[in-house]
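Asker: Take this structure, written in structure tokens, and hold onto it; I'll ask about it next.
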Amino acid sequence: MYIIQIASECAPVIKAGGLGDVVYGLSRELENRGHTVEIILPKYDCMRYDHIWGLHMAYQDLYVPWYDGRIHCSVYCGWVHGRLCFFVEPHSQDSFFDRGYYYGSNDDTMRFAFFSKAALEFMQQSNKRPDVIHCHDWQTGLVPVLLYEIYQWHGMAYQRVCYTIHNFKHQGIAGLNILQATGLHRPEYYFEYDRLRDNFNPFALNFMKGGIVYSNFVTTVSPHHAWEAHYGEFGYGLGHTLHQHQHKFGGVLNGIDTDFWNPEIDRYIPYHYSKDNLEGKAKNKKALRERLWLSHEDKPIVAFIGRLDDQKGVHLVHHAVYYALHRNAQFVLLGSATEEGLNNWFWHEKNHLNNNPNVHLEIGFNEELSHLIYAGADMIVVPSNYEPCGLTQMIGLKYGTVPIVRGVGGLVNTVFDRDYDQTHLPEERNGYVFYQTDNRALESAMDRAIGLWNHYPDEFEKLVIQGMNYDYSWNYPGKDYLGIYEYIRHK
Ligand code: ADP
């Protein structure tokens with residue numbers, strides 16, 4: 001099968017979060033299974049050019065219709081760790097992708113509407129006719145809309161679209177000018193409730209809703225989150241739309257790239273190890289302490305890795321730091337804040353705890369350090385408010401770091417409480433789960449984990465190994481997505 005992914009991120013060249021990991025990891029799995037995959041991305045000024053091999057001009061003069069004129073673009077092509085990627089570079093005064101960051105401009109909807117249009121125009125002009133177009137999140141929600149309203153009449157009648165939603169919170173809300181810019185000319189038609197009109201603001205268009213309505217299949221990144229988005233508050237207003245399209249909506253758990261996340265071969269960690277020999281893990285713990293100036297004592301290390309924002313349950317993260325210290329454990333945090341207030345808060349905490357040999361707060365994004373933390377820590381907390389899938393708990397499991405998670409979204413599908421899980425046998429359980437959002441709930445789960453580490457080390461090691469036994473690679477999700485592609489292809 002021939003698949004083209006259209007996305008705003010692809011790790012490691014463009015990565016703001018899990019979306020980038022998924023686009024790369026899934027593409028790689030599909031190629032390993034013998035399919036052809038290409039990825040179309042914006043050519044940002046700030047992406048990691050050092051991760052692209054053989055970057056060269058692939059298509060010099062791509063003219064993309066825009067308002068009443070057209071924008072001249074060039075398309076570059078190169079390999080990102082073996083994946084063939086095309087990068088769209090517009091030459092216009094808008095400098096859509098030359099902003100020094102990926103997201104965060106007032107005209108983000110315009111930037112990514114342009115990208116969606118340019119990606120289709122590129123496919124059409126360069127004669128790319130994939131069986132399936134897989135697009136992701138609000139940034140590319142207009143791709144199926146443009147395909148079915150415009151491009152199918154220009155030689156792209158047989159392409160089918162799978163649309164994956166990684167985060168319902170950001171939906172791409174825009175006004176009439178988006179229609180004028182992209183050539184979707186009948187505003188009254190697109191502003192109908194059954195098409196692009198936002199479910200709550202009658203004067204706004206919703207890109208993500210367009211993606212849901214027009215795609216042949218819609219997925220979100222875990223089965224439990226699919227349920228939450230459909231029936232609960234986590235659809236952020238799109239629950240009714242999902243309900244109307246439930247026959248083509250489902251959850252597919254993300255995978256992790258086990259060539260990159262694998263303690264047996266990880267090039268960022270000093271000692272390799274496996275579930276049959278955990279000695280290397282103990283050595284990595286020592287290395288982690290040395291790197292972060294933590295004291296060498298007989299204590300567990302609890303970690304947090306992730307964005308410091310409301311979604312990740314920052315208040316519980318903050319509490320976890322102090323509760324770990326209270327329980328005579330050590331804590332390592334690696335996180336970058338998306339808001340100034342939270343950034344200041346954690347910098348304040350960092351300064352406050354600076355001389356404490358049992359805690360280290362690293363504020364910023366550091367891929368390499370994250371590997372050492374996964375390898376050296378004993379437990380990882382994921383107290384998210386909501387979590388569509390979550391990668392950190394799956395990486396933690398692979399590295400023998402016991403997850404302590406809140407029971408939401410993909411965390412429910414991947415972590416099974418050692419003491420209370422009803423659906424898995426004791427030898428299949430792999431972590432700790434709590435449900436409420438208050439400090440006490442977190443404390444009770446941390447208590448059980450730290451207690452087991454202190455008083456029943458053999459039992460703790462058993463739990464570590466049970467976690468390492470889980471296969472959360474792209475193996476199963478790859479099969480699931482291929483099943484979806486086959487299904488929509490023959491419809
Ligand atoms: P998100 O909601 O941000 O997509 P996920 O759990 O799905 O969260 O994915 C987070 C990914 O980003 C993981 O691979 C994690 O290791 C990585 N990550 C998050 N924060 C940092 C950081 N500050 N430094 C390094 N890696 C990070």
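Asker: Can you compute the FRET efficiency between I265 and R70 using 1/(1 + (r/R0)^6), with r the Cβ-Cβ distance and R0 = 56 Å? Round to the nearest 0.05.
Answerer: Here the calculated transfer efficiency is 0.70.
Asker: While we're looking at this one, here's another question. Evaluate the relative contact order of region 1-137 (contact order divided by residue number), counting alpha-carbon pairs under 8 angstrom at least 6 apart; express in whole percent.
Answerer: 29 percent
Asker: Would you mind ranking D21, D108, D259, D298 by Cβ crowding within 10 Å, fewest neighbours first?
Answerer: D298, D259, D108, D21
Asker: Could I ask something else about it? Show that you can apply the helix-only estimate: for the chain, add -39,500 (n - 2.57) for every DSSP H stretch of four or more residues, divide by all residues, and state [θ] at 222 nm to the nearest 500.
Answerer: So the calculated ellipticity at 222 nm is -11000 deg cm²/dmol.
Asker: Turning to a different aspect of this structure: Please label the shape of region 103-252 as rounded, prolate or oblate, based on the square roots a ≥ b ≥ c of the eigenvalues of the alpha-carbon gyration tensor (a/c under 1.5 means rounded; beyond that, a/b larger than b/c means prolate, else oblate).
Answerer: Cα axes put region 103-252 in the oblate bin.
Asker: If a/c stays under 1.5 just call it rounded; otherwise compare a/b with b/c (prolate if a/b is bigger, oblate if not). Do that for region 218-334, with a ≥ b ≥ c from the square roots of the Cα gyration tensor eigenvalues.
Answerer: Oblate, since a/c reaches 1.5 and b/c is not below a/b.
Asker: Follow-up. Starting with the highest mean, order 412-419, 366-373 by the number of other Cβ atoms within 10 Å, averaged over the residues of each peptide.
Answerer: For the peptides 412-419, 366-373, the packing ranking is 412-419, 366-373.
Asker: So, one more: From the Cα gyration tensor of region 129-182, with a ≥ b ≥ c the square roots of its eigenvalues, which class applies: rounded if a/c is under 1.5, or else prolate if a/b is larger than b/c, or else oblate?
Answerer: oblate
Asker: Give, in nm to one decimal, the length gained when the segment between M1 and N351 is fully stretched (0.36 nm per residue of separation minus the Cα-Cα distance).
Answerer: Stretched fully, the M1-N351 segment lengthens by 120.6 nm.
Asker: Could you state the principal axis extents of the C-alpha atoms in region 18-173, from the largest down, to the nearest angstrom?
Answerer: On the principal axes, region 18-173 reaches 43, 37, 36 Å in Cα extent.
Asker: Still on this structure, please answer the following. Please work out the Cα convex hull volume for region 14-104 and give it in Å³ per residue.
Answerer: Taking only Cα atoms, region 14-104 has a hull volume of 113 Å³ per residue.
Asker: With an 8 Å Cα cut-off and a minimum separation of 6 or more residues, compute the relative contact order for region 177-283 in percent.
Answerer: 16 percent
Asker: In percent, what relative contact order does the chain have, based on Cα pairs under 8 Å that are 6 or more apart in sequence?
Answerer: Here the relative contact order equals 12 percent.
Asker: So, one more: Just going by the charge dipole of the chain, with Lys and Arg at +1 and Asp and Glu at -1 on Cβ, which of Q139, N430, N127 is farthest out on the positive end?
Answerer: The one lying farthest along the dipole's positive direction is N127.
Asker: Moving on to the next point. By how many degrees, 0 to 90 and rounded to 10, does the Cα axis of helix 18-32 deviate from the longest principal axis of the chain?
Answerer: Between the helix axis and the principal axis of the chain, the angle is about 80 degrees.
Asker: OK, next. Helix 367-376 versus the longest principal axis of the chain: what angle, 0 to 90°, nearest 10, using Cα atoms?
Answerer: 30 degrees
Asker: Taking the Cα centre of region 251-409 as the origin, how large is its charge dipole in debye, to the nearest 20, when only Lys and Arg (+1) and Asp and Glu (-1) carry charge on their Cβ atoms?
Answerer: It comes to approximately 420 debye.
Asker: Let me test this: with uniform point scatterers at the alpha carbons of the chain, what is the Debye-based log₁₀ I(q)/I(0) at q = 0.06, 0.09, 0.11 1/Å?
Answerer: Log10 I(q)/I(0), no solvent term: -0.28, -0.63, -0.92.
Asker: As I understand it, the value is the acute angle between the Cα axis of helix 108-125 and the longest principal axis of the Cα atoms of the chain; what does it come to in degrees, rounded to 10?
Answerer: Orientation of helix 108-125: about 60 degrees from the principal axis.
Asker: Let me ask something additional. Dividing the Cα convex hull volume of region 211-259 by residue count, how many Å³ per residue is that?
Answerer: With only Cα atoms used, region 211-259 gives 87 Å³ per residue.
Since every read-out is calculated from the coordinates, none of them should be taken as a lab result. Please read these numbers as outputs of a predicted model, since none were measured by experiment. Ideal geometry is used to build each Cβ from the backbone, glycine not excepted, and the neighbour counts take in all protein chains shown.
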